[in-house]
Amino acid sequence: MTKNQRIVYIALLAAQAVIISILERAIPFPFAIAPGAKLGMANIITCMALYTLSVKDVTKVVLIRITLSALLGGNLSSFMYSASGAILSLLGMILVKQLGPSRISLIGVSVAGAIMHNVGQLLIASWIAQTWTVLLYLPVMSFIGILSGIAIGIIANYLLTHVEKLVYYRYLNE
């Protein structure tokens, strides 16, 4: 992939993630038992980027998504929660992916990212509230994270195996 193709691909992935993030923000809370929980549909794009780009480029996609989503539809608070969750999620996904495809699938990588996203957000919430008791919400959020991580992983895996260009980019990255 040439440098220009890579830049365009990063921009397309970031734009898709921003649009998904803004659309998801418009959906009311899908989980009655877990206020504040979202599906994390923009993670589909992060998973696809993780399997088709270098770590440096995936980081660019995530940082662009976080920044533009906060500028277009959020505030400082949503930026802090989103940034902490997304960065910790990305780190977790990168580490888990390094275990190799024979040990963990894209779905497992997605689940790890979902759980780490919840950890990051709850750490920021506990810092803002100045109490660690906020972390007692982690088991509930982790359960929701596991379910949404499985769904996101299945969707991303389907796209990576059935969209012709993504298969090509995945092959180039391996």
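Does Ser110 satisfy the condition of being touching a helix residue (DSSP H, G or I) at 6+ places or on another chain (Cβ under 7 Å), open to solvent by 20 Å² or more (accessible area, probe 1.4 Å), within 19 Å of Leu39 (Cβ to Cβ) and in contact (Cβ under 8 Å) with a residue 40 or more places away in the chain?
Here the answer is no, as Ser110 does not meet what is asked.
Would you confirm whether any residue within the range 43-60 is crowded, with 17+ Cβ neighbours inside 10 Å, modelled with pLDDT under 90 and within 14 Å of Ser89 (Cβ to Cβ)?
No, that holds for no residue.
Quick check on Ser102: is it touching a residue at least 24 places away in the same chain (Cβ under 8 Å) and among the hydroxyl-bearing types (Ser, Thr, Tyr)? So that I can check it myself, show each step before the final result.
On the way: touching a residue at least 24 places away in the same chain (Cβ under 8 Å): no; among the hydroxyl-bearing types (Ser, Thr, Tyr): yes.
Criteria not met by Ser102.
Condition check: of a type in the set (A, V, I, L, M, F, W, C), open to solvent by less than 90 Å² (accessible area, probe 1.4 Å), without any contact (Cβ under 8 Å) to a residue 12 or more places away in the chain and in a helix (DSSP H, G or I). Does Leu147 satisfy that?
Details: of a type in the set (A, V, I, L, M, F, W, C): yes; open to solvent by less than 90 Å² (accessible area, probe 1.4 Å): yes; without any contact (Cβ under 8 Å) to a residue 12 or more places away in the chain: yes; in a helix (DSSP H, G or I): yes.
In short, yes.
Please name all residue pairs, on different chains or six or more residues apart, with Cβ atoms under 8 Å, provided the first residue is in the range 51-62 and is acidic (Asp, Glu) and the second residue is part of a helix (DSSP H, G or I).
Listed by first residue and then by second, the contacts come to Asp57/Arg6; Asp57/Ile10; Asp57/Ala49.
Of the residues that sit in the range 68-89 and are farther than 16 Å from Leu122 by Cβ, crowded, with 17+ Cβ neighbours inside 10 Å and of a type in the set (A, V, I, L, M), which one is modelled with the lowest pLDDT?
The first filter runs over the range 68-89 and keeps only residues farther than 16 Å from Leu122 by Cβ, leaving 68-76, 79.
Of the ones still in play, those that are also crowded, with 17+ Cβ neighbours inside 10 Å are 68-70, 74.
Remaining after also requiring of a type in the set (A, V, I, L, M): 68, 70.
On the way: Leu68: 93, Ala70: 89.
My answer is Ala70.
What about Leu166, is it within 17 Å of Val58 (Cα to Cα), at pLDDT below 90, of a type outside the set (Phe, Trp, Tyr) and part of a helix (DSSP H, G or I)?
yes
The values are calculated or read from the model by the stated rules, or taken from the named source; none is laboratory data. Just so it is clear, the structure is predicted and the values come from calculations on it, not from any experiment. So basically every Cβ, Gly included, is an ideal-geometry build from the backbone, and we count neighbours across all protein chains shown. For the accessible areas, the whole protein counts, side chains as well, though only heavy atoms, and no ligand, DNA or RNA atoms are used. Shrake-Rupley method; radii C 1.70, N 1.55, O 1.52, S 1.80 Å.
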